[in-house]
Amino acid sequence: KFKLMSIRFKIIIGLLVVILSSYSLLAILTSIYVDKVLVKEVQTRVRYDLVSAHDIYNSYIDHTDQILKAISIRRTIYSPLEKEIKGDLGKVFQNIYNGNGLDMLTLVDSTGRVIYRAHNPENYGDDVSEITIINKVLKNWDPIKGTIVLPGDVIKREGIRLSNQAEIKIKDTPKSIPATKKIEDRAMMIAAAVPFISLSDNKKLGVIFGGILINKNNTIVDQIKDKIFHDQIHQEKDIGTATIFFDDLRISTNVKQKDGERAIGSRLSKQVYEEVLKNGNIWADRAFVVNNWYITAYEPIHDLNNNIIGALYVGLLEEPFKQPQKIIIIFFIVMLSVTSIASFILMFFYTNMIMRPVGVIVSVSKKIMNGDLSARCNVESSGEIGLLCQTFNQMAESIEKHEKQLKKDAQMQIIQSEKLASLGRLTAGIAHEINNPLTGILTFAHLLKQKSQVEEDLKDLQVIIQETTRVREIVRGLLDFARQSPSDKELININETIQQVLKLIKGQKICQHIEIYEEYAENIPELPADKNQFKQVLLNLLFNAAESISQKGLINVITSIDRKDIIITIQDNGCGIKSADIDKIFDPFYTTKPVGKGTGLGLSVSYGIIQQHGGTIKCKSEEGKGTNFIITLPIITDLTKSAK
């Protein structure tokens, strides 16, 4: 039951993982797509907003220029400028300064000397021709407008109020270029300068210079926010923001810090600095501005010499535009949860239906394990489950068939074993009966040899004694084999033992058409072994080799030494062994010989004898070309160690 439940839940979990993965991937892709579309749409809007902000910024420049041009169009001036400024002209300058939002309004003569400062009337007479915009007008006598940078010492001459407005403390900002100073005393200014010429005689009297100091002046950025973003609020935060940078320093902004103060003095990130202020490109992308993510756009601000001196920024708070994406993700999560629960319920019942035949198969398997080989899986099902049941039934039928065959084969092996046992007992009895007359013959042969004095008779008697002794040894070997006596090891010479065995089989009829080639290693050491058992192995292998050769053939018997092993190789060029049978030849009762020609025990017994001697026996054969048997015996010269 545990295994069935495990499979069931594995299927359910696997399907749920697929469903959850698919929905999750769809949710992620949809979120990415929506995010991309929203960001792209908002980014396009921000680019248009940057164009509008640029127009508002330029409108301040144009307004300043128009004011100065209106002042320059006046009645004929006859007296010196110093006298005119003390009269009606001074009042005009003061009224224009007070009513048009200018931070500076200055009249200089044709040499660049200050005649009148409306923003600081008490200070005059100094030379301001070093200011770029005034210098250009004095040279060409054409009106000029744009953005300029005023050095700190120039700002100080314009009065303490403007000097304080211009001074900004620089704040350490993450991701910005390291600051080289703590305070910025320079100022960026929207400015215009027009020539002041007498209409009566076209005399070049001087230059009217005026402008709006941008440092800490939030009029422009607030107007951009009001006109473009309509002061929209999200969770008490301005959705739209604008900033004017002097170099990488925020000098005018409505971006708020966490404490609610404007982020004056904070700095531009290095990435935007490189792209906008160094390379002069428009940069549009999402960015972390001060303490929130914004979708932003930046463009460079140039001075009168077309040098980049700052940047104009607009940005939309990203959070309000993320709301649709959050709604889509929440929708997907809800749908995912509902679908997953429904899928789990449906899959639970569906897997129960699928797994029911598997339960039947398990039940039938248990019956077969308990011995009921007639049990079958009677389940009608299509597809793989039906094929599984059909295959299982075929397997059960095959097991039942093989079980019957094994019983039959076992019975035959028992009969064969009984035959061999009876043969052993019969052999022992016959050998015992033969051994008694042989002993008598051998005794009388020795007595006759002692009495006889004839040379020829002595030779004949010696032959009788030798042959009778040999027959007695054979009979004794049969008796030992029948009794299954324990191994009796002694130091033997492998080469000599092989030669003794070959002498026995060379005269046999089976070997008359076979040439036996012998090659022996020199100085081969003696090994502890049971000589009779070892001879039995050699006889089995040599007779098998001879029986595999149907006509004329060759048997090679080779001994060699390989490091710590003695190797005996018996090769023949007989019929060989099939590759399908090569792994079975050492199994008991396995034989490829016809019935009555072998018992299938020869190689099995030989394999066991070699193993008892600590060696190995291997067979290499190719059907139709011959067979090699390789015996490997470890070199052990100490009989005591061998016995252990």
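The values are calculated or read from the model by the stated rules, or taken from the named source; none is laboratory data. Just so it is clear, the model here is predicted, and its values are computed rather than measured. Heads up, the Cβs are rebuilt from the backbone with ideal geometry, glycines too, and the neighbour counts pull from every protein chain shown. Areas reflect the complete protein model, heavy atoms only, side chains present, ligands, DNA and RNA absent. Shrake-Rupley method; radii C 1.70, N 1.55, O 1.52, S 1.80 Å.
Tabulated values for the structure
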item	result
Gained length - residue 59 relative to residue 13, 0.36 nm times residue gap less alpha-carbon distance	9.9 nm
Loop GluC sites (Glu not before Pro), segment 68-134, which have at most 15 other Cβ atoms in a 10 Å radius of their Cβ (DSSP)	122, 130
Contact order relative to length of the chain, as percent, for alpha carbon pairs under 8 angstrom and 6 or more apart	9 percent
Estimated vicinal HN-Hα couplings, Hz - segment 257-273 in sequence order (Karplus 6.51, -1.76, 1.60; Gly, Pro = x)	7, 4, 7, x, 7, 5, 7, 5, x, 6, 10, 6, 5, 4, 4, 5, 4
Per-residue ³J(HN,Hα) for segment 116-123, Karplus 6.51 cos²θ - 1.76 cosθ + 1.60, θ = phi - 60°, Hz, x for Gly and Pro	7, 10, 5, 7, 7, x, 6, 9
The chain: angle of helix 531-547 to the longest principal axis, Cα-based, in degrees nearest 10	80 degrees
Residue 511 accessible area, assembled protein chains, probe 1.4 Å, Å²	10 Å²
Spacing of the two label points (7 Å from each Cα toward its C-beta) at residue 175 and residue 446, in nm	11.7 nm
Value of relative contact order over segment 79-187, rounded to a whole percent, pairs C-alpha under 8 Å and six or more apart	16 percent
Exposure of residue 344 as accessible area (Å², to 10), given a probe of 1.4 Å and all protein chains	80 Å²
Accessible area of residue 515 in the full protein assembly, 1.4 Å probe (Å², nearest 10)	120 Å²
Against the rule of thumb 2.2 N^0.38 Å, how large the Cα Rg of the chain comes out	2.28
Highest to lowest packing among 58-64, 123-129, scored as the average C-beta count within 10 Å	58-64, 123-129
Accessible surface of the chain [probe 1.4 Å, protein heavy atoms]: carbon and sulfur percent	55 percent
Distance (nanometres) between label positions extended 7 Å along Cα→Cβ at residue 47 and residue 259	3.9 nm
Per residue accessible area in Å² of the chain, where ligands, DNA and RNA are left out and the probe is 1.4 Å	57 Å²
Protection proxy ranking of 438-446, 155-163 - average other beta-carbon atoms within 10 Å, highest first	155-163, 438-446
Estimated vicinal HN-Hα couplings, Hz - segment 90-101 in sequence order (Karplus 6.51, -1.76, 1.60; Gly, Pro = x)	x, 5, 4, 4, 5, 5, 5, 4, 6, x, 10, x
Separation of the residue 531 and residue 543 label points, Cα + 7 Å toward Cβ, nm	2.1 nm
Rounded to 5, percent antiparallel among DSSP beta bridges of the chain	95 percent
Length added when fully stretched, residue 237-residue 24, from 0.36 nm per residue minus Cα-Cα	73.4 nm
Segment residue 578-residue 319, length gained on full extension (0.36 nm per residue, minus Cα span)	85.1 nm
